[in-house]
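Report on the structure given below.
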Amino acid sequence: MLLVFLVVPAFALNRAAEACECRNRNISGGGSDRSEWIPPQPPAERVFGWKAEEVLGKRMEDFAWIYEEDLTRVTEISEDLKTGRNPLRFSANRNYRKDGQVVHCEWYNSALIDETGRLRSILSLVLDVTERKQTENALRESELRLQRFVAEAPVGLCILDENWRAISVNR
């Protein structure tokens, strides 16, 4: 089995798909259960920190790069892809960089199953959404602070909509 692992900007998705089609056409028969990485593109190195020569010929399992709390779900998704049970899977999970930092990723996975039902390759496109997650968390925290401030204010506060109707009032 060949596992294709790409990290690409959105505008390059078509080019990435074409590259994978070329690689998939060159897969010889016989196959194995071994998942090998194709050299990561430079964006993958920026997201995860490993250089191509550090991952070539190694199994995905050789790297402790999946956040522990997400491991069970990622394993289930991986099995769905490997068995062909569900050849198109999305996953939002955390990964570790080589330096130990946590990155939030969205994975778009597609398994290529041949006419005999055998897995030939898996294509995974990954987006680093760490900054978006941090922004969402900061917004949630800010909203909670505002709610607490309004609820505990020593004066009456009322929020009005554009038609001057009360939509929120503190106690």
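Structure values in brief
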item: Cys158, Cys105, ranked by accessible area, largest first (probe 1.4 Å); result: Cys158, Cys105
item: Separation of the Glu76 and Ala64 label points, Cα + 7 Å toward Cβ, nm; result: 2.5
item: Computed label-point distance, nm, for sites Thr116 and Ile159 using a 7 Å Cα→Cβ extension; result: 6.2
item: Ranking by accessible area, most exposed first, for Phe149, Phe90 with a 1.4 Å probe; result: Phe149, Phe90
item: Label-point gap, in nm, between Ser168 and Ala138 - each point 7 angstrom along Cα→Cβ; result: 2.0
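The values are calculated or read from the model by the stated rules, or taken from the named source; none is laboratory data. Since we're looking at a predicted model, the values are computed, not measured. Every residue, glycine among them, receives a Cβ derived from its backbone with ideal geometry; neighbour counts consider all protein chains shown. Keep in mind that these areas ignore ligands, DNA and RNA; they rest on the heavy atoms of the full protein, side chains included. Shrake-Rupley method; radii C 1.70, N 1.55, O 1.52, S 1.80 Å.
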